[in-house]
Amino acid sequence: MSNMGVVSTCFCMRSFVHILRLGVQKMGYSQLHTASRCAAKNHYEVLVLGGGSGGITMSARMKRKVGAENVAVVEPHEKHYYQPMWTLVGAGAKQLATSGRPTASVIPSGVQWIKSRVTELDPDKNCIRLADEKKISYKYLIIALGLQLHYEKIKGLPEGFNYPKIGSNYSVHTVEKTWKALQDFKEGNAIFTFPNTPVKCGGAPQKIMYLSEAYLSKTGKRSKASIIFNTSLGSIFTVQKYANRLLEIIKSRNIAVNYKHNLIEVRADKQEAVFENLDTPGVTEVYQYEMLHVTPPMGPPDVLMNSPVSDAAGWLDVDKETLQHKKYPNVFGIGDCTNLPTSKTAAAIAAQSAVLDKTISSVMKSQLPTKKYDGYTSCPIVTSYNRVILAEFDYNSQPLETFPIDQSKERLLMYYMKADLMPFLYWNGLLKGYWGGPAPIRKLLHLGLK
């Protein structure tokens, strides 16, 4: 693309951020504070399970639809985190403290925060049970419970994190250990893993690998390091366009990739990692490591396992276009807990929220939903401390790019989007229920052709 095209794209981005910032300032801080402190009721028109990305954005949207006093969010945790930032935290490019805010500050003003854990769903009776045995009924239910990390499914974890040289960007408790392990690297293998389960942000296990390679190069340690990516998958990325570019980067940086290799044990006292070869069951390989980054197995939340609302694997069973439950028409889902066949990312949640908003509006009016989710998701693949490949794609693993440039190229502009623009959009756009993904921008920049 010409330099003028890049300049115009930058101008559009700056203008968009300026407009959004003005909107946030006009809202005033009175609308950016805590939830109602009144006692929880036993019935709500809209009940939202989960106070993560999907739960908060949908509670904000539902507040505008039915009124704050008719919406409640069930969430046990006191802190809300912008988890996509942890890639940069693990590489020392951001501070962990900047990724979190009190849950009370992100729940929309006036919406009831039920500070408890869901233990049972009874969609046939339109109610849920909490950890204190209290029952809450609803007219409409939005399930946004995220997924569950299973470090314990790897022998030797999570206790292995008490030793040095090992970290994981997927947990608030272990992400800073990644940065410590990288700083303390001297000589040997730096190993990065990808489990044999669905994961959130499938590009994250690679991102920290590229950042670690860049750090070791910058600090003069690269010649003493063997960078190894052991993945359970059979390819480096699901979208061929981006896979081709990533393989070029891997080759140029002399990174070793072993496919169908699944981490099954960590012997942290010996700095050993044991992998099974998925092509030859029962065959294992032991790797010595100087640094180990673990991406844990993941799965549905316990409350969804064997639940009436879940599929055989335990994921929330929703229509992939409308996000409405396949059996219960007043139940809806969003985000990582669903069985939507797309990558589990915050970008996907943004696009899903816009569709789900329309779906619920239709259902409330006794109409059939017409707005369809195309599986849009995005993965900003950080390849160094100043470059990103912005992968965007749909259900069919076809590129669905926002900008009229080749997004498979590493770009400084995309790094600043990842590091600075996207966190701003998250806190001030998505969680407020105003950011539903880049589809309108894509249409504008592509003159309505996409």
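The values are calculated or read from the model by the stated rules, or taken from the named source; none is laboratory data. The structure presented is a predicted model; accordingly, all values stated were derived computationally and were not measured. Neighbour counts are summed over all protein chains in view; Cβ atoms, including those assigned to glycine, are modelled from backbone coordinates with ideal geometry. Ligands, DNA and RNA are excluded from the accessible area calculation, which covers all protein heavy atoms including side chains. Shrake-Rupley method; radii C 1.70, N 1.55, O 1.52, S 1.80 Å.
Could you work out how far helix 204-218 tilts from the main Cα principal axis of the chain, as a 0 to 90 degree angle to the nearest 10?
Taking the Cα atoms of the chain, the angle to 204-218 is about 40 degrees.
Along region 62-71, what does the Karplus equation 6.51 cos²θ - 1.76 cosθ + 1.60 (θ = phi - 60°) give for ³J(HN,Hα), rounded to whole Hz, x for Gly and Pro?
Calculated HN-Hα couplings, in order: 6, 4, 6, 8, 10, x, 4, 5, 9, 10 Hz.
Given an 8 Å cut-off on Cα distances and at least 6 residues of separation, report the relative contact order of region 224-299 as a percent.
Averaging sequence separation for qualifying contacts and normalising by length gives 24 percent for region 224-299.
Are any of the pairs Lys63/Lys344; Lys251/Lys372; Lys134/Lys372 more than 30 Å apart by Cα-Cα distance, and if so, which? If you can, show how the numbers build up before the last one.
Details: Lys63/Lys344 25 Å; Lys251/Lys372 39 Å; Lys134/Lys372 36 Å.
Long pairs (Cα-Cα over 30 Å): Lys251/Lys372; Lys134/Lys372.
For the chain, how big is Rg over Rh, using alpha carbon atoms and the Kirkwood form of Rh?
Rounded to two decimals, Rg/Rh equals 0.97.
Among DSSP beta bridges lying fully in the chain, give the percent that are antiparallel, nearest 5.
50
Of Ser232, Ser223, which has the most accessible area with a 1.4 Å probe, and how do the rest follow in descending order?
Sorted descending by solvent-accessible area, the residues read Ser223, Ser232.
In whole percent, what relative contact order does region 99-220 give with Cα contacts below 8 Å and a gap of six or more residues? Can you show the working numbers first?
Numbers: 74 pairs, mean separation 10.9, N = 122.
Computed over region 99-220, the figure is 9 percent.
Let's see if you can work this out: charge +1 on each Lys and Arg Cβ, -1 on each Asp and Glu Cβ, no other charges. What is the dipole magnitude of region 137-189 about its Cα centre, in debye to the nearest 20?
So the dipole magnitude of region 137-189 works out to roughly 140 debye.
What's the magnitude of the charge dipole for region 139-266 around its Cα centre, counting Lys and Arg as +1 and Asp and Glu as -1 at the beta-carbon? Answer in Debye, nearest 20.
340
Heavy-atom accessible area of Glu213 with all protein chains present, probe 1.4 Å, nearest 10 Å²?
Probe radius 1.4 Å; accessible area of Glu213 about 20 Å².
What are the residues whose amide H is under 5 Å from the amide H of Gly202, where those residues sit 5 or more places off or on another chain and H is modelled from the backbone?
Lys344
Scan around Val257 for amide H atoms under 5 Å from its own, H built in the peptide plane at 1.01 Å from N, and keep only partners 5 or more places away or cross-chain.
Phe229
Given axes a ≥ b ≥ c from the Cα gyration tensor, I'd like to know whether region 69-207 is rounded (a/c under 1.5), prolate (a/b larger than b/c) or oblate.
Numbers: a/c = 2.81, a/b = 1.99, b/c = 1.41.
Since a/c reaches 1.5 and a/b is larger than b/c, the shape of region 69-207 is classed as prolate.
Quick one: in region 217-307, what % of C-alpha pairs are over 19 Å apart?
55
Probe radius 1.4 Å, ligands and nucleic acids left out: which of Met291, Met422 has the largest accessible area, and how do the rest follow? Can you show the working numbers first?
On the way: Met291 0, Met422 45 Å².
Most to least solvent-accessible, the answer reads Met422, Met291.
Under a point-charge model restricted to the Cβ atoms of Lys and Arg (+1) and Asp and Glu (-1), what is the dipole moment magnitude of region 322-396 relative to its Cα centre, in debye to the nearest 20?
The dipole magnitude comes to about 240 debye.
If the reach is capped at under 21 angstrom between alpha carbons, list the lysines near Lys155, excluding any in the same chain fewer than eight residues apart.
Those lysines meeting the cut-off are Lys165, Lys177, Lys260, Lys270.
What ³J(HN,Hα) values, in whole Hz, does the Karplus curve 6.51 cos²θ - 1.76 cosθ + 1.60 give for region 103-120 when θ = phi - 60°, with x put for Gly and Pro?
Using θ = phi - 60°, the values come out as 4, 4, 7, 9, 6, x, 4, x, 6, 6, 9, 8, 7, 7, 10, 6, 10, 7 Hz.
In region 333-450, if the dipole is taken from +1 on Lys/Arg beta carbons and -1 on Asp/Glu beta carbons about the Cα centre, which of Leu413, Gly436, Phe424 is farthest to the positive end?
Of the options given, the answer is Gly436.
Express the carbon and sulfur contribution to the solvent-accessible surface of the chain as a percent, rounded to the nearest whole number, probe 1.4 angstrom.
C and S fraction of accessible area: 52 percent.
How much of the DSSP beta bridge set in region 120-243 is antiparallel, as a percent to the nearest 5?
Antiparallel bridges: around 45 percent, rounded to the nearest 5.
Within region 375-450, how many Lys pairs that are eight or more residues apart, or on different chains, come under 22 Å at the alpha-carbon?
5
Mind checking Rg over Rh on region 342-410, alpha carbons, Kirkwood formula for Rh?
Value, to two decimals: 1.12.
Which residue, Ile154, Val111, Ala214, has the largest displacement toward the positive end of the dipole of the chain when charges sit on each Cβ (Lys, Arg +1; Asp, Glu -1)?
Ranked along the dipole, the leading option is Val111.
Can you compute the FRET efficiency between Gln288 and Glu248 using 1/(1 + (r/R0)^6), with r the Cβ-Cβ distance and R0 = 25 Å? Round to the nearest 0.05.
Numbers: r = 29 Å, r/R0 = 1.15.
It comes to 0.30.
Using the Karplus equation 6.51 cos²θ - 1.76 cosθ + 1.60 (θ = phi - 60°), what ³J(HN,Hα) coupling, rounded to whole Hz, does each residue of region 362-377 give in order, writing x for Gly and Pro?
Listing the rounded values in order: 5, 5, 4, 9, 6, 10, 7, x, 10, 5, 10, 7, 9, x, 3, 8 Hz.
What whole-number value in Å² describes the accessible area per residue of the chain for a 1.4 Å probe?
Numbers: 19330 Å² over 450 residues.
I get 43 Å² per residue for the chain.
Using only alpha carbon pairs under 8 Å that are at least six residues apart, calculate the relative contact order of the chain and give it in whole percent.
Across the chain, relative contact order equals 16 percent.
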